[in-house]
Every structure is written in structure tokens, then in C-alpha cells.
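Working notes, beginning with the structure itself.
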Amino acid sequence: MTKPAKNTICLWYDGGAEEAARFYARTFPDSSVGAIHHAPGDFPSGKQGNVLTVEFTVMGIPCLGLNGGPAFKHSEAFSFQVATSDQEETDRYWDAIVGNGGEESVCGWCRDKWGISWQITPVALTEAVTGPDRAAAKRAFDAMMQMRKIDIAAIEAACRG
């Protein structure tokens, strides 16, 4: 048994923890599925032998998926923010999440089919809205506010004015 991480993100699922972990491991670099633990007895949302928890890593971040049932839902108050280097990478992650039963939101946010929110954020966007030219930053910010998936060329054009 390996020593557990000192701090692990625990994500509550309504029975889909293993499927979600395997999707994240296929989709994102430095991601994997670790131990899968089965319930030693019946629990409110499942039976003895059902998958209870799944240890997994998402882009180097240790997580634990708990199949806790329908009692709690995810919200945008928690999200994974993925810094992308170019439009191809932005498109690849966005399309993987949305195309696998997820849904689009605004300003680079989307939600996977298990309800977890993701911010697919090009580094070019972060640099544009935090740069020293505040007028350019405002134009980039205003452009982003009109987008769902971030369009890097449109952000760069907005910066130029």
C-alpha cells in the first residue's frame, strides 16, 4: 500500500465514480486510475460489493471518487481549471468533455456528464486579461464574456483592438 496523499480532493458521485475516473485518465495527461474499493456492507445508496470509492489522479492532482448516491450535486463552486497551450488542445479537452455527455457553459466553462465543472482556459486568455495594458485586457475580457469555448484568435484580435 502506498502512502496516501496528505490532501486529496473527494468528489461525490451518484454511482459513476469509476466510469468518471477512467474517462479522466483517458482524456488528460498525468492522469490515472488507482485502487477501486468495494463496499464491505450495504450503504444508503448501494449494496455490499458495489464500488464505493475510486482512487484516481487528474493531471497530477490526487482525487477520491465516492459513490455516495443522489444526496449531493456538484456546482460551479468547484471546478478543475485546465491551462491549455493552443486552440488544438483547448478544442480537444472541450470536445472530449462536451462530446461525452457533458454540456457547454460560458467563458470557457463546461460540465462533464457526472456534473463536475471544468474551465478549459488557454494560457493566452489568462495572459490577455491579466496583462499590463488594461484597455486590451478589458477588450479581451469583454470578448471572453461572449464565448462558450474560448477562441484564442478572437481573444488575440480583441487585444489588438
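Filter the stretch 112-129 down to the residues that are in contact (Cβ under 8 Å) with a residue 40 or more places away in the chain and in a helix (DSSP H, G or I) and list them by number.
VAL123, THR126
How about the stretch 1-51: which of its residues are loosely packed, with under 13 Cβ neighbours inside 10 Å and polar (S, T, N, Q)?
Result: THR2, ASN7, GLN48.
Of everything in the stretch 97-106, what is farther than 17 Å from ALA20 by Cβ and surrounded by 16 or more Cβ atoms within 10 Å (Cβ to Cβ)? Give them in sequence order.
SER105 - this is the single residue of the stretch 97-106 that is farther than 17 Å from ALA20 by Cβ and surrounded by 16 or more Cβ atoms within 10 Å (Cβ to Cβ).
Looking at TRP94, TRP118, TRP114, TRP109 in this structure, which one is open to solvent by 60 Å² or more (accessible area, probe 1.4 Å) and in the same structural domain as ILE150 (by the TED database)?
Answer to the selection: TRP109.
Among the residues of the stretch 137-161, count how many are surrounded by fewer than 20 Cβ atoms within 10 Å (Cβ to Cβ), touching a Ser or Thr at 6+ places or on another chain (Cβ under 9 Å), of a type in the set (A, V, I, L, M) and in a loop (DSSP other than H, G, I, E, B).
0
So is PHE56 open to solvent by less than 70 Å² (accessible area, probe 1.4 Å), in a helix (DSSP H, G or I), outside the structural domain of GLU156 (by the TED database) and not basic (Lys, Arg) or not?
no
Considering each of LEU66, LEU125 in turn, give the residue that is open to solvent by less than 80 Å² (accessible area, probe 1.4 Å) and within 24 Å of SER31 (Cα to Cα).
LEU66
Out of the stretch 85-111, which residues are within 17 Å of ILE155 (Cβ to Cβ), touching a residue at least 40 places away in the same chain (Cβ under 8 Å), of a type outside the set (A, V, I, L, M) and not in a helix (DSSP H, G or I)?
ASP86, CYS107, GLY108
Failed condition for THR57, given (1) at negative phi; (2) out of contact with any Cys (no Cβ under 9 Å at 6 or more places or on another chain), with all others met?
Checking THR57 against (1) at negative phi; (2) out of contact with any Cys (no Cβ under 9 Å at 6 or more places or on another chain), the one that fails is (2).
Scan the stretch 74-91 for residues that are over 15 Å from LYS149 (Cα atoms), open to solvent by 50 Å² or more (accessible area, probe 1.4 Å) and small (Gly, Ala, Ser) and report the count.
Qualifying residue count for the region: 2.
Can you tell me which of GLY41, GLY49 is modelled with pLDDT of 95 or more, on the phi > 0 side of the Ramachandran plot, assigned to a loop (DSSP other than H, G, I, E, B) and not β-branched (Val, Ile, Thr)?
Going through GLY41, GLY49 in turn, the sole match is GLY49.
LYS47 passes all but one of (1) in contact with a strand residue (DSSP E or B) (Cβ under 8 Å, 6 or more places away or on another chain); (2) more than 20 Å from ILE150 (Cα to Cα); (3) of a type in the set (Lys, Arg); which number fails?
In the conditions (1) in contact with a strand residue (DSSP E or B) (Cβ under 8 Å, 6 or more places away or on another chain); (2) more than 20 Å from ILE150 (Cα to Cα); (3) of a type in the set (Lys, Arg), LYS47 misses (1) alone.
The values are calculated or read from the model by the stated rules, or taken from the named source; none is laboratory data. This structure is a prediction, so every number in the text was calculated from the model and none was measured. Heads up, the Cβs are rebuilt from the backbone with ideal geometry, glycines too, and the neighbour counts pull from every protein chain shown. Accessible surface areas use protein heavy atoms only, side chains included; no ligands, DNA or RNA. Shrake-Rupley method; radii C 1.70, N 1.55, O 1.52, S 1.80 Å.
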